[in-house]
1. What base-10 log of the normalised intensity I(q)/I(0) is obtained for the stretch 152-329 from the Debye formula, alpha carbons as equal point scatterers, at q = 0.08, 0.19 Å⁻¹?
2. Suppose R0 equals 45 Å. What FRET efficiency, 1/(1 + (r/R0)^6) with r the Cβ-Cβ distance, do Lys441 and Asn135 give to the nearest 0.05?
3. Taking a 32 Å limit on the Cα-Cα distance, which of the listed pairs Lys57/Lys431; Lys409/Lys462; Lys152/Lys309; Lys152/Lys302; Lys119/Lys329; Lys173/Lys329 fall beyond it?
4. Kirkwood Rh over alpha-carbon pairs of the chain, then Stokes-Einstein at 25 °C and 0.890 mPa s: what D in µm² s⁻¹, rounded to an integer?
5. Grab the DSSP H runs of the chain that are 4 residues or longer, score each as -39,500 (n - 2.57), total them, divide by all residues and round the 222 nm result to the nearest 500 deg cm²/dmol.
6. Arranged from highest to lowest average of other beta-carbon atoms within 10 Å per residue, in what order do the peptides 293-300, 489-496 appear?
7. Relative contact order, percent, of the chain when contacts are C-alpha pairs under 8 Å separated by at least 6 residues?
8. On full extension of the chain, what length is gained from Glu494 through Glu246, given 0.36 nm per residue of separation minus the C-alpha to C-alpha distance?
Amino acid sequence: MKTTQNRVLLGLVILLAASCGPSQEKIKGHEELQDAISISHCMAAPLESTEEYATVKEIGFQSAVNNPYSTFSIDVDAASYSNMRRMIMEGVLPTTDAVRVEEWINYFNYNYPVPEKGKPFSVTTEYSDCPWNKNHRLLQIGLKAEEIDVNKAAPNNLVFLIDVSGSMNDADKLPLLKRAFRLLVPELRDDDKVSIVAYAGAVGLVLDEAHGDDKTEILDALEKLEAGGSTAGGEGINLAYKIAEEHFIKKGNNRVILATDGDFNVGVSSESELEKLIEEKRNNGVYLSVLGFGEGNIKDNKMELLADKGNGNYNYIDNFLEARKVLVKQFGGTINTIAKDVKLQVEFNPAYVKEYRLVGYENRRLNDDDFNNDKKDAGELGSGHCVTALYEIVTTGSEESNVKTDPLKYQKTMNVAASNNELANIKFRYKDPGKNDTTSKLIQHPVYTSIKSADKLSDNFKLACAVSEFGLLMRDSEFKSKASFDNAIAMATEAKRNDEEGYIEELIRLMKAAKDLKAIP
């Protein structure tokens, strides 16, 4: 009982800290209150949760001799981070499988240089000591997409597929969804098209092809939405795609946006059939994005997969400020794709790298031969988006060994490999976003062995390290080594010089709250 009370009180402290702004002082002399604070959100949480998360199994170190290639698809989803924030604000720690470290890293914007004219993205690398294991090094790879003037971008054909089942009645579901979408309406341009399909026990077309200058009509349609009925019905997804195809804009952005609390059945008989449908429509130029709302019903595993198959993004909206971030500040960039099917393949030089480990991206890994296979789907890079990846490296000459397989008998490190001072070679494949472009383009970027000292590290590096260390602690990762909340907080604090929106300040508060929650017996 005391532990429950402690969590309750701790939740209140967290909530007060979030609402009172940047103050980071820990409450002293009130341990029971400090420990108890989770009551406000915790008491409102469902008694029984049916949330589902895909299993995330960390991948360990690989030998640079036996496995010199590391291949993966980019990921710009951010749902895992905002979902974690919701849990910590309730005074509970996220479950291990709810933590996708790459989504936490990519939640933040990084100050990477803009790409050169004519190139879809810039490439930035940084190499230094690993903060949580001083015997290792860390390689940061950063991409920054070209930024399009939203006012000059292609017109949008948007079909909102909205879950109005009974479970959506909670304040953080349909009411928040309606408030969130109201933010988007002023951003619409005259040549944009908006339709709304609602589904529950039955499906209906609420709004058919309103133009961006019909703002009152769009707002009135939103206000009419009410939650009620069963989730087990309708041909919602088929109707949404039908409407999107009827109003298809050539050379425009055609997208279905599914908004739900996650406990959904959109009318297709099986998950495999649904995935096949989404892939087919994607290939015809209609993409799918997913917005998650509320708690208790979230099917995070399915929602992420559907957005993946649909060449879209998956975001979880836990509060009104997140709604503004997703639907106002980032929405234009998200739907304006700069490069599609973006893949990375890093070849490590065994003259300098003994072992390496990609931090996160467990469900974005690709087979090495997928890199040159233009039929293999990968992630999309939107206007102005940043993508960051970190590799933890054991250098050649170290006596440490994390790889369980025997060394190869006939492979030797070539002396010539050590003569060029190249740590690794990064290759990128991407396609232009045009509907019929099926052939990828190749960019290569060598990384050299020069190491940045601690006093020369960029804020980008410090922020990515802080978030990664936080993620390792939340996963209780076997690779966390000497990771600590204090170290992560210190690095984030150093990185917050460019924090106009306060996201890093909020990260620091979440780290401090998580540290307190971890301390509860």
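Bear in mind that the values in this text are calculations on the coordinates, not laboratory data. Predicted, not measured: the structure shown is a model, and the values here were computed from it. In this analysis, Cβ positions are derived from the backbone assuming ideal geometry, glycine residues included, and neighbour counts consider all displayed protein chains.
1. The computed values of log10 I(q)/I(0) come out as -0.21, -1.37.
2. So, using R0 = 45 Å, E works out to roughly 0.70.
3. Over 32 Å Cα-Cα: Lys409/Lys462; Lys152/Lys302.
4. 102 µm²/s
5. For the chain, the value works out to -9000 deg cm²/dmol.
6. So the peptides 293-300, 489-496, ranked by packing, come out 293-300, 489-496.
7. Values: 1127 pairs, mean separation 112.0, N = 521.
Answer for the chain is 22 percent.
8. Numbers: separation 248, 0.36 × 248 = 89.28 nm, distance 5.14 nm.
Fully extending the segment from Glu494 to Glu246 adds 84.1 nm.
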